[in-house]
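See below for the structure under consideration.
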Amino acid sequence: MSIAIVGAQWGDEGKGKVVDLYSAQSDLIVRYQGGNNAGHTLVVNGKKTVLHLIPSGILHPGKLCLIANGVVFDPTVFFEEVDSLLASGALKDAPTAIKVSERAHVILPYHCLLDKLREQHAAGGKAQIGTTGRGIGPAYEDKVARRGIQVIDLLRPELLRQKLQVAIEEKNILFKHHFQAPAIEFAALYAECLKLGERLRPFIADVRAVLQAALAQGKKILFEGAQGTLLDIDHGTYPYVTSSSTCSGGALTGTGVGLSNPIRVVGITKAYTTRVGTGPFPSEIEHTEKETAERIRKIGQEFGATTGRSRRVGWLDLVALRYAVEVNGMSGLALMKSDCLSGLKEIRVCTAYRLGDQTLTTWPSCSEDLERVTPVYETLPGWEIFDTSKVRSVSDLPSTLQSYIHYLEKALKVPVILMSVGPGREETLLLSDPYSTKS
Ligand code: IMP
């Protein structure tokens, strides 16, 4: 049995914390999509660690952390993270603990530059996505256009030279003539790539084969998703999405693990919703319930771990969550940050959308429609502020919060198998064993 952790909303649900918790029971932890646009915040013994690329299982010594082929990999960011984990003592023997797929595509400085220039160019207009500026989209574009540079190429000087020359030639036309920006110098970048490749050599592996061998030995694999369902390139609010497959299907294509391997999918959701960047957000309360939005943002510390941007806040959206349950084939839900709603007299849950004279209870495929819908809410009683350090079981939670959990389970037809009531590892209720074969 393997577990896939997926974001059920627009990212920032708290996947890092759940991955960290489940890592204790797992043998291998694998990132399968996205790149360092992710920001996973972990709090262990009061100490905060933010990871962007290395799997969140790294804080458990003895576990193997993998970066699979579906990831877009920035080697400079990778080494910054490795160095900081080594310096803090959290990591000892990095090349033994972390393996990077030969086939992952490399993010190079021209990808980041292109990402930022495009966003600046589109600023204020419909074409602005509000990306993280980490070169994610341009790197995936090159991959799909079959002109990307893969990790293994960094170890093959001649092949790298050819590929980089072609890539730079084309990019420079864009930089010089479309964006009026300085051109990229081949020689310096080529030398830097070779240097990074040498340092990367002991980390590089056929990650697919490593996973296959682990499966054959009955090892437990934890697939760590980044971003969220509604940012998926195929299933999200296109074009206001990221460029990878953030849903559970991405765990298969992003690693090369076959469909016949049993994988249980755990979706992560906050008790409310947030979104960073532009794009439709039907249950947003940023302009309609300003004070409540501010309060939730402050208590929930809703500022991006990657860019520091302030996250847009809204109520929980059951239309979106029902969709996420279906798209991912979710079998359990982790409910995060319900403590951040404590003290509110009432809370609201979006149960449907109004579009013209229609009432929609299923997710509309077109982002333009989503921009025009108005939410239909059900109002529920809130819960009082409670001492999260004293919570050992669901029965220790305020009764209205217990009712809220049952309400969600009924509405989504998925059990809540984990409850987080604070950032620390210990502020969690593990309600059932995710690896248990008993359902
Ligand atoms: P990109 O992934 O940097 O191309 O950004 C595309 C969209 O995805 C933007 O709206 C970003 O704000 C959003 N996004 C990317 N990564 C994350 C994340 O880890 N959490 C939340 N939103 C994200």
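The values are calculated or read from the model by the stated rules, or taken from the named source; none is laboratory data. Source: prediction; values computed, not measured. Heads up, the Cβs are rebuilt from the backbone with ideal geometry, glycines too, and the neighbour counts pull from every protein chain shown. Accessible surface is based on the protein model in full, side chains and every heavy atom, while ligands, DNA and RNA are left aside. Shrake-Rupley method; radii C 1.70, N 1.55, O 1.52, S 1.80 Å.
Within the assembled protein chains, the solvent-accessible surface assigned to residue 219 is about 80 Å², based on a 1.4 Å probe. For the chain, the ratio of Cα radius of gyration to the globular rule of thumb 2.2 N^0.38 Å stands at 0.98. Comparing mean-square fluctuations of 254, 148, 125 from a GNM of the chain with C-alpha springs under 10 Å, the top value falls on 125.
Of the residues 212, 239, 229, the one whose Cα sits farthest towards the positive end of the charge dipole of the range 169-246 is 212 (charges of +1 on Lys and Arg Cβ, -1 on Asp and Glu Cβ, taken about the Cα centre).
Roughly to the nearest percent, how much of the accessible area of the chain is carbon and sulfur, given a 1.4 Å probe?
So the carbon and sulfur contribution to the accessible surface is 53 percent.
Can you tell which of 15, 337, 345 shows the greatest fluctuation in a Gaussian network model of the chain with Cα springs below 10 Å? In this elastic network of the chain, the residue with the biggest mean-square fluctuation among 15, 337, 345 is 345. Grouping the Cα pair distances of the range 269-430 into 10 Å bins from zero gives a pair-distance distribution of 10, 39, 38, 12, 1 percent in increasing distance order. The distance separating the Cα centre of the range 1-66 from that of the range 240-275 comes to 13 Å. Summed over the residues of the range 105-200 and divided among them, the accessible surface reaches 52 Å² per residue at a probe radius of 1.4 Å.
A Cβ-based charge dipole, computed about the Cα centre of the range 336-439 with Lys and Arg at +1 and Asp and Glu at -1, lands at about 220 debye. For the chain, a Gaussian network of Cα nodes joined below 10 Å ranks 283, 393, 244 by mean-square fluctuation, and the top entry is 393. For the range 105-200, would you read off the P(r) tail past 22 Å as a percentage of all alpha carbon pairs? Cα-Cα pairs of the range 105-200 separated by over 22 Å account for 28 percent. Dipole check for the chain: with +1 at the C-beta of Lys and Arg, -1 at the C-beta of Asp and Glu, and the Cα centre as origin, the magnitude is about 540 Debye.
Compute the Rg/Rh shape ratio of the range 171-295: radius of gyration over Kirkwood radius, all on alpha-carbon atoms.
Rg divided by Rh gives 1.10.
For the range 1-77, what does the accessible surface come to per residue with a 1.4 Å probe? Please give it in Å².
23
Considering all different alpha carbon pairs of the range 24-80, the Kirkwood hydrodynamic radius works out to 11.9 Å. Binning all Cα-Cα separations of the range 53-170 at 5 Å, short to long from zero, yields these whole-percent fractions: 2, 11, 18, 19, 17, 14, 11, 6, 2, 0.
Axis angle, to the nearest 10 degrees, between helix 207-216 and the longest C-alpha principal axis of the chain: 50 degrees.
Once fully extended, how much extra length lies between residue 436 and residue 253, figured as 0.36 nm per residue of separation less the alpha-carbon to alpha-carbon distance?
On the way: separation 183, 0.36 × 183 = 65.88 nm, distance 2.49 nm.
Extending this stretch completely gives an extra 63.4 nm.
Evaluated at q = 0.14 Å⁻¹, a Debye calculation over the C-alpha positions of the range 145-211 (equal weights, vacuum) places log10 I(q)/I(0) at -0.50.
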